[in-house]
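Everything below concerns the one structure shown next.
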Amino acid sequence: MDSSVDMFERAQRVIPGGVNSPVRACDSVGGKPVFFREGRGSRLVDVDGREYVDVMGSWGPLILGHAHPDVVSAVCDAARGGTSFGACTAAEVELAELITSRFSSVEKVRLVSSGTEAAMSALRLARGATGRDEVVKFAGCYHGHADSFLIQAGSGALTLGVPSSPGVPADLAKLTHLARFNDLDNVRKIFEEAGASIAALIVEPVAGNMGVVPPAEGFLAGLREICDEHAALLIFDEVITGFRVSAGGAQERYEVVPDLTVMGKVVGGGLPVGGFGGPAKLMDQVAPEGPVYQAGTLSGNPLATAAGLATLRALGEEGIYETLERSGAALAAGLEAAIASAGVTARVQRVGSMMTLFFNESPVASLDSLDGVRTDLYARFYQGMLEAGVTLPPSQYEAFFVSTAHSEEDIGKISAAAETVLSSLAGV
Ligand code: KE4
């Protein structure tokens, strides 16, 4: 098999930027992307046979680690029976039942094939249900690449410095209000001016796309109040936090109930599954039950639902979230000790098993807290850790993910590598 360098040259000839998702191009951290051929547990193996401890975790879905035996056998069994029928199956009902049993605010859920599809469909439902057109999102939050959300978006859009993409019609963009994360006064001001036209406010209850930014005390409850005051719907984008920060997502962890929940990543266990759900009175407005159209060839297909079912069933095991919490805390402590020992200006922000090491002076509470973030140091950290056999997300504005497959030894290795690499950055 060609080396990563050769593969990337081939890829660039036939795929824009040589990648099927921009952030994978590693533009913001320099160098060229590594091509991987295999994942197993907490490890990734590249095309040259080199093994890494992986904390990128495919951007979140792999809470059980790579190639979990239950997931692999469920997918293989399903594949032998056919991968997609475009017709009803028991598996999609079982997955929907599992989802509604974990998220008490979700009485019905529509399965789709990505977080983007889930978020854009939830917004269409909110607009259809309220008869209003405007939406509030937060600078630095990312809800996939549907036009209405590519306004000061986070994740790859932020990484590549194009938070508001060309191709989004101005007439559509003006329907999106931008708010400041963790700033209720700012949200109130927007609603005081435009509340009667706002269909919904969408938020990542724990921001993961400007790096990990927890909600300030009372922030989520305040959003709930403001939406109620103005009869707007509150949408929690739990594509990252769903089944990650607790069995019932951020809404369970922070005890704030949204009107609609957007899901992705973990719910598909590494295969393409997204979903949007909420009370039956809202969800029954979705076609064919109601008039709000939404559809998808591969929605709820037997292969993807098999992976999702195996993953959510494994996450039903007693004590698994306590284990994830412990591993997350252990990695954060290891990174903080490495920062202290290296004497660099950096900080770790964590919720459960998701975290970010920011090269930032102050606590990161919103996107503008990152005005002075040293993305140059993050790039060197990324490259140094790669060299040391640890794969991080190739962007300062993403999250590290710990899985149930990460051992104490893995966490020790990551922490030791971080101390060495951070020490080389002291004084830079
Ligand atoms: P997908 O369409 O990529 O499945 O989901 C979009 C999405 C929606 N909401 C949130 C909170 C998300 O984080 C995402 C996607 N996350 C990014 C990384 N943070 C995916 C990685 C990529 O774009 O390559």
Worksheet item: On full extension of the chain, what length is gained from Val428 through Leu160, given 0.36 nm per residue of separation minus the C-alpha to C-alpha distance?
Response: 94.1 nm
Fill in: Estimated vicinal HN-Hα couplings, Hz - the range 221-235 in sequence order (Karplus 6.51, -1.76, 1.60; Gly, Pro = x)
5, x, 5, 4, 4, 4, 5, 5, 4, 10, 6, 9, 8, 9, 10
Worksheet item: Val93 to Arg10: extension gain in nm, 0.36 nm per residue of separation minus the Cα-Cα distance?
Response: 25.7 nm
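Set the Förster distance to 22 Å, then compute FRET efficiency between Ser341 and Thr375 from the Cβ-Cβ distance, nearest 0.05.
0.45
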Worksheet item: Simple spin-label model, 7 Å along Cα-to-Cβ: Glu289 to Ala231 in nm?
Response: 2.2
Discussion item. Below 8 Å between Cα atoms, with a sequence gap of 6+, how large is the relative contact order for the range 69-315 in percent?
Written reply: 30
Discussion item. Applying a 10 Å radius around every beta-carbon, put 13-22, 332-341 in order of their mean neighbour count, most first.
Written reply: 332-341, 13-22
Response to the item:
Taking Cα pairs closer than 8 Å and at least 6 residues apart, the relative contact order of the range 144-208 in percent is 23
Item to complete: Sum up the charges of everything whose Cβ sits under 11 Å from the Cβ of Val364, counting Lys and Arg as +1 and Asp and Glu as -1, but leave Val364 out.
Response: -2
Discussion item. Based on alpha-carbon centroids, what's the gap between the range 233-299 and the range 365-410 in Å, whole number please?
Written reply: 28
Fill in: All lysines inside 26 Å of Lys189 as judged from Cα atoms, apart from same-chain residues fewer than 8 positions distant
Lys137, Lys174
Worksheet entry | Leading residue at positive end of dipole, the chain (Cβ point charges), from Ala207, Ser28, Gly372 | Ser28
Worksheet item: Hey, rough spin-label estimate for Asp48 and Glu322, points 7 angstrom out along Cα→Cβ, what's it come to in nanometres?
Response: 4.4
Worksheet item: Could the peptides 364-374, 251-261 be put in order, highest first, of the mean number of other beta-carbon atoms found within 10 Å of their residues?
Response: 251-261, 364-374
Worksheet item: Exposure proxy check: Cys26, Cys76 ranked by fewest other beta carbons within 10 Å?
Response: Cys76, Cys26
Worksheet item: Can you list residues whose amide H is under 5 Å from Gly274's amide H, if they're 5+ apart or on another chain and H is modeled 1.01 Å from N?
Response: Val112, Ser113, Ser114
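If I take R0 = 30 Å and measure r between the Cβ atoms of Ser197 and Ser104 in this structure, what FRET efficiency does the formula 1/(1 + (r/R0)^6) give, to the nearest 0.05?
Here the calculated transfer efficiency is 0.50.
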Practice prompt. Would you mind ranking Leu392, Leu315 so that the residue whose beta carbon has the fewest other beta carbons within 10 Å leads the list?
Written response: Leu315, Leu392
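Any read-out appearing in this document is the output of simple, stated calculations on the displayed coordinates, not a laboratory observation. These numbers were taken from a predicted model, which means no experiment stands behind them. A quick note on method: Cβ atoms are made from the backbone with ideal geometry, for glycine too, and the neighbour counts reach across all protein chains shown.
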